[in-house]
Amino acid sequence: MKHAGASTGGRGWWYERRRKCMMKQCCTTTAGVCRHFFRGLRARHLHVKGTVPQHSRRQMIEPLLLTAARVSTFNGTQHLTNASGFFFARDERLFLVTSRHVIFDEPSKHFPNRIEIELHIDPDNVAASTGFSMPLYDDGQAVWHQGVDAAGEIDVAVIEINRAALPATTVYRAFTPQHLLGRFDHLEVGTSLLVVGFPLGFHDTLHHMPVVRQAIIASSFGLRFQGEGYFLTDARTHRGTSGAPVVMRVTAPGHALGDLPWMLLGVHSARLDVGTRDLILDEALGLNCAWYADILMILTGR
């Protein structure tokens, strides 16, 4: 891997700085590096582990990244899986959205009884976070909701978050009904999208931020692919991305979108494959299912 600042010859600024200082034989430490070297490090915002440089301050955080939440599932204290989710607000209520199979999946016998999400808790220090535990059942009854249509179960679930229980300094952004497409909005095949999540649990562990993958619409948007309530995306995705928001940038956002100029098109569910594919001769399709986000208006209206 080539580090930032490295020259094409594989020797970066640090090598040249050290060489010049050694030629001058000036202020060299026992490690053979002079104080000018360390000044160069500071000038490039490299920092001691545990400290946060200025570029970690909140003015540099894109609001889109604050919509996503890393989801961990548990059975009691036993950690089970990692997944993705995001915040959705409707009126005064706040919800966590993820894939239904993240919190309940009969085929794989996956039955967690609680989830934990990671929250940012300091507007001036994005590295500060805390875990927030949410039970999935109350007296044996599920507190989450999923949808069902004529084709069967919809792989989307919502859990209402008790705002009063959140830390007072919690920093997040939430999609709203204004971020959903209207009935007559038309999108072309090939439209550029982003998927915001935590593939294989991977993320910025210092700042607790998700990563994004580029995608495009790969089926006729607005039609239910093969009669199911989802459309297809073409993107490279991995386990752990389930529940991630699939969004499209708005070039001329209105006031209603605030500082989040993105339309929420879908909820990433799973990779799509063909059962007859030869695992040796044929590559994976690279296609994914994204459930239409308008299901959230039904799930959050209860």
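The values are calculated or read from the model by the stated rules, or taken from the named source; none is laboratory data. In this text the structure is predicted, and so the values were computed from the model without any measurement. For neighbour counting, all protein chains shown are included, and Cβ atoms are generated from backbone atoms with ideal geometry for every residue, glycine included. For accessibility, only protein heavy atoms count, side chains too; no ligands or nucleic acids. Shrake-Rupley method; radii C 1.70, N 1.55, O 1.52, S 1.80 Å.
Quick notes on this one:
- Only one entry of S129, S133 meets the criterion of being polar (S, T, N, Q), buried (at least 16 other Cβ atoms within 10 Å of the Cβ) and more than 19 Å from V267 (Cβ to Cβ), and that entry is S129.
- Evaluation of A164 against the conditions (1) assigned to a strand (DSSP E or B); (2) out of contact with any Phe, Trp or Tyr (no Cβ under 8 Å at 6 or more places or on another chain); (3) within 25 Å of L260 (Cβ to Cβ) shows that the sole unmet condition is (1).
A quick yes/no check of all residues on (1) out of contact with any strand residue (DSSP E or B) (no Cβ under 6 Å at 6 or more places or on another chain); (2) at pLDDT 75 or above; (3) hydroxyl-bearing (S, T, Y):
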{"site": "A252", "(1), (2), (3)": "yes, yes, no"}
{"site": "P261", "(1), (2), (3)": "yes, yes, no"}
{"site": "R271", "(1), (2), (3)": "no, no, no"}
{"site": "A284", "(1), (2), (3)": "yes, no, no"}
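- Residue within the stretch 136-152 that is β-branched (V, I, T) and modelled with pLDDT under 90 present: yes
- Of the criteria (1) modelled with pLDDT of 95 or more; (2) within 19 Å of the chain's Cα centre (by Cα); (3) within 16 Å of V71 (Cα to Cα), which one V211 fails: (1)
- Of all residues in the stretch 245-262, those being closer than 29 Å to D105 by Cβ and not β-branched (V, I, T) number 3.
- L193 satisfies every condition listed in (1) farther than 28 Å from E116 by Cα; (2) outside any loop (DSSP other than H, G, I, E, B) except (1).
- Meets criteria (under 21 Å from N82 (Cα atoms), touching a residue at least 24 places away in the same chain (Cβ under 8 Å), open to solvent by less than 80 Å² (accessible area, probe 1.4 Å) and assigned to a loop (DSSP other than H, G, I, E, B)) for T169: no
- Only residues that are open to solvent by less than 20 Å² (accessible area, probe 1.4 Å) and part of a strand (DSSP E or B) were counted in the stretch 223-264, giving 7.
- In the stretch 65-88, the residue that is least open to solvent (accessible area, probe 1.4 Å) out of those that are of a type in the set (A, V, I, L, M) and farther than 15 Å from H208 by Cβ is A83.
- Every residue from the stretch 132-145 that is part of a loop (DSSP other than H, G, I, E, B) and either within 15 Å of L66 (Cβ to Cβ) or without any contact (Cβ under 8 Å) to a residue 24 or more places away in the chain (or both): D139, G140, V143
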